[in-house]
Amino acid sequence: MFERGFKAWCERFSLQKRKELGLHPKDPLDPRALAANLDIKVWIIEQVPELSEESQKILLAEDGGWSAATICVADRKLIILNSAHSAGRQSSDLMHELAHQILEHRPSALEVSADGIMMLNSYDRKQEEEADWLAACLLLPRDALVHIKKRIPDTLEAATQYGVSRAMLKYRLDVSGVNYQFG
């Protein structure tokens with residue numbers, strides 16, 4: 001699925017960004033700090049000006065069906081997060097949107113129906129999988145996973161420290177080979 005070298009590039013990029021931000025390779029990377037570094041604003045839905053309470057209620061409903069959206073106007077970018085999701089989920093969603101920007105992916109087309117319903121017109125599976133992979137590496141690079149495996153045996157504590165869900169932590173420990181390595 002991925003081009004040769006993509007996964008290794010993601011790991012290197014994650015470590016490079018940590019270095020730029022004055023962090024050690026094993027340190028957690030706050031997605032909001034990365035967004036600031038990339039000059040991308042981040043809001044939760046409640047910060048959208050002039051959005052009615054009724055619209056907020058609809059967007060924050062359990063079955064709202066959305067996690068995050070990136071809005072680009074000229075050279076300015078804004079990511080809006082669904083604040084109804086857990087902190088770990090928001091962290092992953094934000095990093096996923098940032099990964100699209102880092103990878104310079106083309107945005108999906110959005111259409112609005114006659115009755116005002118917004119619909120995604122296109123979906124690039126390869127871009128989504130690349131953004132997922134890079135986001136996961138940015139949140140939990142291999143160096144951090146090795147540190148976690150050696151020093152933080154409680155997965156809830158590790159997930160909390162790194163601002164991710166336990167599911168994301170387990171996923172990265174598995175796909176990186178760290179769980180196998182430290183069995």
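Derivation of every value follows stated rules applied to the coordinates shown; laboratory data play no part. Predicted model only: the values in this text are computed from it and were never measured. So basically every Cβ, Gly included, is an ideal-geometry build from the backbone, and we count neighbours across all protein chains shown.
Candidates in the stretch 124-158 are the residues that are aliphatic (A, V, I, L, M) and farther than 30 Å from Arg4 by Cα; of these, the one that is surrounded by the most Cβ atoms within 10 Å (Cβ to Cβ) is Ala158.
Residues in the stretch 146-167 that are closer than 14 Å to Ala87 by Cα, of a type outside the set (S, T, N, Q) and not in a helix (DSSP H, G or I): Gly163, Val164.
Listed conditions (1) under 16 Å from the mean Cα position of the chain (by Cα); (2) surrounded by fewer than 14 Cβ atoms within 10 Å (Cβ to Cβ) are all met by Met1, apart from (1). Of the residues screened, Asp27 is one that is of a type in the set (Asp, Glu) and surrounded by 13 or more Cβ atoms within 10 Å (Cβ to Cβ).
Out of all the residues in the stretch 67-86, is one or more loosely packed, with under 15 Cβ neighbours inside 10 Å and within 19 Å of Ser165 (Cα to Cα)? Taking every residue of the stretch 67-86 in turn, at least one turns out to be loosely packed, with under 15 Cβ neighbours inside 10 Å and within 19 Å of Ser165 (Cα to Cα).
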